[in-house]
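Chemist: Let me give you the structure first, and then I'll get to my questions.
The values are calculated or read from the model by the stated rules, or taken from the named source; none is laboratory data. Keep in mind the model is a prediction, meaning the values are calculated, not measured. Here the Cβ is made from the backbone with ideal geometry for all residues, glycine too, and neighbour counts use every protein chain on show.
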Amino acid sequence: MKFRKSIISNSKQDIACSLFLFFIIPTVFYYEIQHVLAEIHGYNYILYTHIILGCYLVFNIVVNLMHIILIDTSVFSTNELMTTSRFKTDPTAKDWNLCDKCELIVPPRSWHCDVCNVCILKRDHHCMFAGNCVGLNNNRYFMIFLLHFFIGATYSFFYNSYYIWIYRGTSFIAWFTPFKMFFPMFMMFFRSNNDWHLFLYMLIMIGSIFTGVLLVYHMKLIVKNATTHEKNKGAYDLGRAQNLKIVFGDRWLWSIFWPFAESTLPEVYWNPAESQKSR
Ligand SMILES: [Zn+2]
Ligand SMILES: [Zn+2]
């Protein structure tokens, strides 16, 4: 595993998204424990069980996110790069693609990212929240991050729904509450000290839906061994079990529960003729 030399993205949008994520994760964790769960259950073993579960989820979310940010998945993480001068003399190099921006011959399924300004191995997409591309070396961490984020946000959403609509229903049930949630401008007209609960509730709901949709979308691609921008989604299909190993490695079960688990990716040769980008 090779780490990137610089993890600060060239894009201001990426930096803002990453800062937001690093602010919202501990904020929601603190809110759920200190306000929602402590008020509903009191300080007893039920709360402590939730704290342990919450710590496990936050640990997996943060450690996987750090791996997406730190891991170098560019073509420079391999030793097999070919220079343009070699391209002219080495007949086997013609199977690879020439990137005119990097001035290198790069392996099939590698595409250039304009934000990272480098070619990425088996590039899937550029992740704004990590400020890095998701590709061959960090795809596993991206998926496990999504899984735990989805579980955490959905877990919070159900508890918050109970807290807002039932436990503290008298403070929140009003005709203008949904308007306050979906159009925060309404908070100016019907102001109350409890509005911040609704704001967090809305963010958690969006987080749950957003990560749930992404998780299903990317899992559908992974079981076919496809990436987001590839034209022919079935071109590299090697069977479901092998397709999963290409992303999660040989110890895929460990990788789900323990982000530091070693799980080696199989070596696969991609047929360059099938390496086509959809846009
Ligand atoms: Zn390039
Ligand atoms: Zn990128």
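Chemist: Which of the residues belonging to the stretch 103-127 are within 13 Å of ligand 2 (Cβ to nearest atom), touching a helix residue (DSSP H, G or I) at 6+ places or on another chain (Cβ under 8 Å) and more than 23 Å from Phe145 (Cβ to Cβ)?
Modeler: Cys119
Chemist: Moving on. When the stretch 35-80 is examined, which residues are found to be within 16 Å of ligand 1 (Cβ to nearest atom) and under 21 Å from the mean Cα position of the chain (by Cα)? Don't jump to the end; show me each part of the working.
Modeler: Initially, the stretch 35-80 is screened for residues within 16 Å of ligand 1 (Cβ to nearest atom), giving 72-78, 80.
Result: Asp72, Thr73, Ser74, Val75, Ser77.
Chemist: Counting just the residues of the stretch 99-113 that are assigned to a loop (DSSP other than H, G, I, E, B) and more than 9 Å from ligand 1 (Cβ to nearest atom), which one comes out surrounded by the fewest Cβ atoms within 10 Å (Cβ to Cβ)?
Modeler: Pro108
Chemist: So, Cys119, is that one assigned to a strand (DSSP E or B), near ligand 1 (Cβ under 8 Å from one of its atoms) and out of contact with any Phe, Trp or Tyr (no Cβ under 6 Å at 6 or more places or on another chain) or not? Write out each step before concluding.
Modeler: Values: assigned to a strand (DSSP E or B): yes; near ligand 1 (Cβ under 8 Å from one of its atoms): yes; out of contact with any Phe, Trp or Tyr (no Cβ under 6 Å at 6 or more places or on another chain): yes.
Yes: the conditions hold for Cys119.
Chemist: Examine the stretch 153-175 for a residue that is touching a residue at least 12 places away in the same chain (Cβ under 8 Å), on the phi > 0 side of the Ramachandran plot and not basic (Lys, Arg), and state whether such a residue exists.
Modeler: Looking for residues that are touching a residue at least 12 places away in the same chain (Cβ under 8 Å), on the phi > 0 side of the Ramachandran plot and not basic (Lys, Arg), one finds none in the stretch 153-175, hence no.
Chemist: Only residues that are more than 8 Å from the chain's Cα centre (by Cα) and either within 13 Å of Leu214 (Cβ to Cβ) or not in a loop (DSSP other than H, G, I, E, B) (or both): list them for the stretch 131-141, please. Don't jump to the end; show me each part of the working.
Modeler: Let us first name the residues in the stretch 131-141 that are more than 8 Å from the chain's Cα centre (by Cα), namely 131-140.
Listed by number, the residues that qualify are Asn132, Cys133, Val134, Asn139, Arg140.
Chemist: Of the residues that sit in the stretch 128-138 and are more than 11 Å from ligand 2 (Cβ to nearest atom) and of a type in the set (A, V, I, L, M, F, W, C), which one is farthest from Asp14 (Cα to Cα)?
Modeler: Step by step, filter the stretch 128-138, then rank; the result is Leu136.
Chemist: Given the conditions (1) within 16 Å of Arg109 (Cβ to Cβ); (2) surrounded by fewer than 17 Cβ atoms within 10 Å (Cβ to Cβ); (3) at pLDDT below 85, and given that Leu238 satisfies all but one, which numbered condition is not satisfied?
Modeler: (3)
Chemist: Related question: What number of residues within the stretch 193-241 are aliphatic (A, V, I, L, M) and in a loop (DSSP other than H, G, I, E, B)?
Modeler: 4
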